[in-house]
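All of the numbers you see were taken from the coordinates with simple rules; none came from a lab. Nothing here was measured: the structure is a model prediction, and the numbers come from that model. Note that each Cβ is placed from the backbone with ideal geometry, even for glycine, and that neighbours are counted across all protein chains shown.
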Amino acid sequence: MTNQRAETIPLQVTPATTTMSATASGGVTLRAPDAAAFVLASASPRRADLVRQIGLVPDHTDPADIDETARRGERPRLYAARMALEKARAVAVRRPGCWVLAADTVVACGIRILPKAETEAEARRCLALLSGRRHRVIGGVVLLAPDGAVRAREIETRVGFKRLDAAETAIYLASGEWRGKAGGYAIQGLAAAYVNFVNGSYSNVVGLPLAETYGLLAGAGFRHAAG
């Protein structure tokens, strides 16, 4: 991992899930090098909004719906890479001849992979682990070409939480925005009030590292065009 300057993130409290835009950012689109359709292999509205931010408008959104159980002893970085690749391949079977973009976000404390919290008890345990310490957010991204060629990246961001008191924990749990989120929090929502350190890609923590994703797309021949 290269050394990166720690960023100061302004406090912004916004809904964890935003409304998806129907068009690309500013009327500029990121176009494929051929006529093949582009598929986003994700059910996440956050990822859909993020790809639109760099001008990419999916022709289809097709969640992979695969088993996301980590293997015994699997390290977070390898797990993120495997999940992204398996998601891309699962969708490619249903969408032959298409470009498929898949991603996975993993929150890790040391080598421990935190769950995508589905219950309040899980979210509480995640917050207890994150409180007052730094953790890693690993993003795995895979671009699968119509001919089956694979381009992949893994990105790591360091994130720090302030020490949470009982009232802050209770309020965050009551918000419900932790549900289904890796590590039990959404940095683009209320949790922004508790994050006091970010080193690396902020968009990676939201759900997709945009600079690295754009690099994969540009390397495959995608180009920006106005209108």
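Key figures
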quantity	calculated
Counting DSSP beta bridges with both ends in the chain, the antiparallel % (nearest 5)	85
Once the Cα gyration tensor of segment 21-220 is diagonalised, semi-axes √(5λ) in Å	30, 18, 15
Estimated 222 nm signal from helices in the chain, with DSSP H stretches of n ≥ 4 weighted -39500 (n - 2.57), rounded to 500	-8500 deg cm²/dmol
Cβ-defined net charge surrounding H135, 11 Å radius [Lys, Arg +1; Asp, Glu -1]	+4
Neighbour net charge for T213 - beta-carbon separation under 11 angstrom, K R +1, D E -1	+2
The chain: relative contact order in percent, alpha carbon pairs under 8 Å with at least 6 residues between	27
Span-rule helices in the chain, defined as complete DSSP H runs reaching 24 Å or more along the axis (Cα) with Kyte mean at least -0.5	76-94
Footprinting exposure proxy for V150, V159, V141 (fewest neighbouring C-beta atoms within 10 Å first)	V150, V159, V141
Segments 190-202, 174-186, 63-75, 113-125 sorted - mean Cβ within 10 Å per residue, highest first	174-186, 190-202, 113-125, 63-75
Fraction of the pair-distance distribution of segment 37-104 above 20 Å, Cα-Cα pairs, percent	30
HN-Hα J in Hz across segment 59-70 - Karplus 6.51, -1.76, 1.60, θ = phi - 60°, x for Gly and Pro	6, 9, 10, 9, x, 6, 6, 10, 6, 9, 6, 6
